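The values are calculated or read from the model by the stated rules, or taken from the named source; none is laboratory data. Since the model is a prediction, treat every value here as computed from it, not as a measurement. Glycine gets a Cβ as well: all are built from the backbone with ideal geometry, and neighbour counts include every protein chain shown.
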Amino acid sequence: MMKLLFTVVLLSLSSRVAEAQSFTWVFLNKKAHADEIPQAQLDSLMKGHMNNIQRLAREGKLIAAGPFEGGGGIFVFASKSISEVGTWLETDPGVRAGRWTVDILPYHPLVGSICPAKEPYEMVFYTLIRFKPNVTKFNVQQAPEIMKRHDDFLKSLRASFVVLAQGNFGADDGGVMVLDASINASLFEKNPAIQEGFMEMELLRLYIAKGSFCEK
């Protein structure tokens, strides 16, 4: 049902192209222990959530959106203002009800970009890897060298995989990579930043319209 709803939502996505490189990425993180509520109330919240997505898309604020397999999802907004996007998110009934833990992050693309998907929409699964820094007083001195090795490792993946998108969330909030492939988390055990405990990663399956990362 959620896949069908997101396909319908795409029909209302605005064709307005965002200012280049000015995006805000939102993670709707599934809660491990979300409050149990009556099914009718949950259905009402999700209906309001989907309706709000449609409205934000029609207004040209929301460029891309998709759920994760197993719960949660992402939004990408045509704004570089964290506070502005926070205000837009407050109109979402599901967000107001605390159904997810929400992360609002500035997004700076390094590979690919964000584009409004075009009709006819083709819904696809991609692999999304989120990297979260784990900088402490014990490893901060090594940060520049480890980050260079981390970046080199990610670049090396492009020889074996189709990297649709890669970008960072600023100096302190890590980054993201999107692959057109199913991969095993063990692949990243060779990542120096993971090996050194400098960075944590989360591997997710993203259901989204093809073209959302400007891929053909």
Only one of Ser186, Ser212 that is modelled with pLDDT of 90 or more and farther than 28 Å from Ile104 by Cβ
Ser186
Count of residues meeting criterion [farther than 12 Å from Leu28 by Cβ, of a type outside the set (Ser, Thr, Tyr) and buried (at least 18 other Cβ atoms within 10 Å of the Cβ)] in region 77-108:
6
Inspect all residues belonging to region 119-126 and state whether any of them is within 18 Å of Gly73 (Cβ to Cβ) and crowded, with 21+ Cβ neighbours inside 10 Å.
yes
Top-ranked residue in region 3-53 [being in contact with a Lys or Arg (Cβ under 7 Å, 6 or more places away or on another chain) and part of a loop (DSSP other than H, G, I, E, B); ranked as modelled with the highest pLDDT]:
Ala34
